[in-house]
Amino acid sequence: MERTLILLKPDCVERRLCGKIISRFEDKGLNIVALKMLRVTPELSKQHYAEHVSKPFYPGLEAFITASPVVAMVLEGLEAIRVVREMLGATSGLKAAPGTIRGDYSSSRQMNLVHASDGPDAAAREISLYFKSTELCPYSPCLTPWLKAGDE
């Protein structure tokens, strides 16, 4: 099983799309093993987006991510990082294919509703920024045998 961090960004929260997007992840068979709403502080933003802090667009990114609450969650599942990123679609909602989350709900590059970790190292680092290990609640739903074969 693989884990990934998901942030339902301020535009997602403000537009009241959290339930629809969470449902899509659950419908796909991904397990939510941690979930909370919080305000991203400027300090947390700088940690999360450390590779972008010195770039000219960073001040706008920080202003956006700290403007309103986010919903942070950890999803778990087979190839969760790849699966989630494919479900999201291209970073820009204008370029995202219909049927993807961004393709269906976003028409912006920055206001693209959801952040998802881009690889295993990023996922581990990002999960630790938002959740203590004691806040993760792994479980195996009773319908798991109907979602994947026993040898997967």
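Residues in the stretch 1-23 that are surrounded by fewer than 16 Cβ atoms within 10 Å (Cβ to Cβ) and either touching a Lys or Arg at 6+ places or on another chain (Cβ under 7 Å) or charged (D, E, K, R) (or both): Glu14, Arg15, Arg16, Lys20. Among the residues of the stretch 95-115, those that are modelled with pLDDT of 95 or more, surrounded by fewer than 22 Cβ atoms within 10 Å (Cβ to Cβ) and of a type in the set (A, V, I, L, M, F, W, C) comprise Ala96, Ala97. Name every residue in the stretch 55-84 that is over 15 Å from Leu8 (Cβ atoms) and part of a helix (DSSP H, G or I), in order of residue number. Hits for the stretch 55-84 are Tyr58, Pro59, Gly60, Leu61, Glu62, Ala63, Ala80, Ile81, Arg82, Val83. Here is a check on your reading of the model: is Arg85 of a type in the set (D, E, K, R), within 16 Å of the chain's Cα centre (by Cα) and more than 30 Å from Thr144 (Cβ to Cβ)? Here the answer is no, as Arg85 does not meet what is asked. Please find, within the stretch 30-43, the residue that is surrounded by the fewest Cβ atoms within 10 Å (Cβ to Cβ) out of those that are within 20 Å of Pro141 (Cβ to Cβ) and either out of contact with any helix residue (DSSP H, G or I) (no Cβ under 8 Å at 6 or more places or on another chain) or free of Cβ contacts under 8 Å to residues at least 24 places away in the same chain (or both). Among those that are within 20 Å of Pro141 (Cβ to Cβ) and either out of contact with any helix residue (DSSP H, G or I) (no Cβ under 8 Å at 6 or more places or on another chain) or free of Cβ contacts under 8 Å to residues at least 24 places away in the same chain (or both), it is Leu35. Just so you know, in the stretch 94-130 the residues that are of a type in the set (Lys, Arg) and in a loop (DSSP other than H, G, I, E, B) include one that is farthest from the chain's Cα centre (by Cα), and it is Lys95. Taken as a whole, the condition of being touching an Asp or Glu at 6+ places or on another chain (Cβ under 8 Å), part of a helix (DSSP H, G or I), touching a residue at least 24 places away in the same chain (Cβ under 8 Å) and more than 22 Å from Ser133 (Cβ to Cβ) does not apply to Arg24. Checking every residue in the stretch 57-64 against the condition of being surrounded by 13 or more Cβ atoms within 10 Å (Cβ to Cβ) and on the phi > 0 side of the Ramachandran plot gives zero matches. Which residue is surrounded by the most Cβ atoms within 10 Å (Cβ to Cβ), if the candidates are limited to the stretch 131-152 and must be outside any loop (DSSP other than H, G, I, E, B) and of a type outside the set (D, E, K, R)? Filtering first and then ranking leaves Thr144.
The values are calculated or read from the model by the stated rules, or taken from the named source; none is laboratory data. If you're wondering where the values come from, they're calculated on a predicted model, not measured in any experiment. We place every Cβ from the backbone using ideal geometry, glycine too, and count neighbours over all the protein chains shown.
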